[in-house]
Amino acid sequence: MSLKKINTVLAATFVLFILWFGTEFILSPETVAPTFGLPSWPSGDGGGFLVVKGVRDVVMALVLGVLLVTGHRRALGWALLVEALAAYGDMANVLAHHGSVGTALGVHGLTATLMVVNGLLILRETREVATATATPLPQPA
């Protein structure tokens, strides 16, 4: 299997996973919230913050999905690198609030690291294409 196919499968998996997780936070935040890793959740009207997290995830997935479907692979690589910061931020948030270390590292940290690896692999894959198109063609005399 080629590097491009592996990268495409990984990126598509991230799109689907983030979209699913975000949708769960929008549709049933009280059910999925305990899996995030924080020790306690807002009560009363605080549940709206969980929907905000869901909307963030859905938008992030859509950005990756659009770049993947339209073939903007170099931009996809950069977007994966940047969006990994959100997952690292989630990991830091869980750790800072004395949440589950296992969830912080095993879910958020692992997801972020895999996104970075996928982003770097896509940038490596597209580097050769970018270099080839930047080289001017010889002009006839």
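The values are calculated or read from the model by the stated rules, or taken from the named source; none is laboratory data. Because the structure is predicted, anything quoted here is derived from the model rather than measured. Note that each Cβ is placed from the backbone with ideal geometry, even for glycine, and that neighbours are counted across all protein chains shown. Ligands, DNA and RNA are excluded from the accessible area calculation, which covers all protein heavy atoms including side chains. Shrake-Rupley method; radii C 1.70, N 1.55, O 1.52, S 1.80 Å.
A few points about this structure:
- From ALA104, ALA61, ALA75, ALA33, residue being in a helix (DSSP H, G or I) and over 16 Å from the mean Cα position of the chain (by Cα): ALA33
- For segment 1-58, a residue qualifies if it is surrounded by 12 or more Cβ atoms within 10 Å (Cβ to Cβ), touching a residue at least 24 places away in the same chain (Cβ under 8 Å), more than 19 Å from ALA86 (Cα to Cα) and not aliphatic (A, V, I, L, M), and the qualifying residues are LYS4, ASN7, THR8.
- Boolean, ALA92 is farther than 21 Å from ASN7 by Cβ, modelled with pLDDT of 95 or more and in a helix (DSSP H, G or I): yes
- Filtered residues of segment 89-131 (kept if in contact with a helix residue (DSSP H, G or I) (Cβ under 7 Å, 6 or more places away or on another chain), closer than 30 Å to PRO34 by Cβ and among the polar types (S, T, N, Q)): SER100, THR103, THR111, ASN118
- Residues that are open to solvent by less than 40 Å² (accessible area, probe 1.4 Å) and among the hydrophobic types (A, V, I, L, M, F, W, C) within segment 69-89 comprise LEU76, ALA79, LEU80, LEU81, ALA84, ALA86, ALA87, listed in sequence order.
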